[in-house]
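Derivation of every value follows stated rules applied to the coordinates shown; laboratory data play no part. What you see is a predicted model; the values in this text were computed from it and never measured. Glycine also receives a Cβ, built like all others from the backbone with ideal geometry; neighbour counts cover every protein chain displayed.
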Amino acid sequence: MKRGELAKKTSCNIETIRYYEKIGLLNDPPRNESGYRIYDKDQQQRLRFILRGRELGFSIDQLRELLALVDGGSYTCAEVRDLTEEHLDAIRKKIFDLQRLEGTLATTFAECDSRRVPECPVIDALFADN
């Protein structure tokens with residue numbers, strides 16, 4: 001299949017496919033006699049792996065590591081688990097930070113009584129030294 005068909009089948013932008021090829025996550029596919037790149041089911045499956053990994057928040061470098069394990073063919077579940085655990089820890093930290101941020105902003109917001117006066121706790125909090 002050509003790149004446009006691959007893009008449609010995977011719901012992926014053509015430019016994204018080009019980018020993944022450029023950075024080496026996707027291998028350069030062979031070309032037909034007219035010079036068009038021809039993608040096979042394996043490349044389609046690899047692209048879906050990358051897209052799903054990105055949906056789950058894995059970075060390009062993390063995906064590169066996971067794909068290196070897969071490409072090596074001798075990976076263990078423990079190796080994949082270790083990479084996933086690092087990612088999960090980072091997600092949990094982000095969630096904690098966002099919850100803390102939400103609490104601070106909600107508290108500041110609750111102090112605002114929406115009167116039409118120049119004093120505003122939200123603005124004061126943004127100007128405050130922490």
Note, ³J(HN,Hα) from phi for the stretch 52-68, Karplus 6.51, -1.76, 1.60, rounded to Hz, x at Gly and Pro: 5, x, 5, 4, 7, x, 5, 6, 4, 5, 5, 5, 4, 5, 4, 5, 5
Percent of Cα pairs exceeding the 15 Å cut-off, where the set is the stretch 76-130: 65
Viscosity 0.692 mPa s, 37 °C: Kirkwood-radius Stokes-Einstein D of the chain over Cα pairs, µm²/s: 176
Over the chain: helical MRE at 222 nm, DSSP H runs n ≥ 4 each giving -39500 (n - 2.57), nearest 500: -21500 deg cm²/dmol
Summed residue charge, Cβ within 11 Å of residue 111's Cβ, Lys/Arg positive, Asp/Glu negative: -3
Cβ-defined net charge surrounding residue 88, 12 Å radius [Lys, Arg +1; Asp, Glu -1]: 0
In Hz, Karplus ³J(HN,Hα) per residue of the stretch 71-81 (6.51, -1.76, 1.60; θ = phi - 60°; x = Gly, Pro): 5, x, x, 10, 6, 10, 4, 5, 5, 5, 4
Charged-residue dipole, Cβ positions (Lys, Arg, Asp, Glu), the stretch 1-73 about Cα centre, Debye nearest 20: 280
Ranking of 3, 48 by count of other Cβ atoms within 10 Å, fewest first: 48, 3
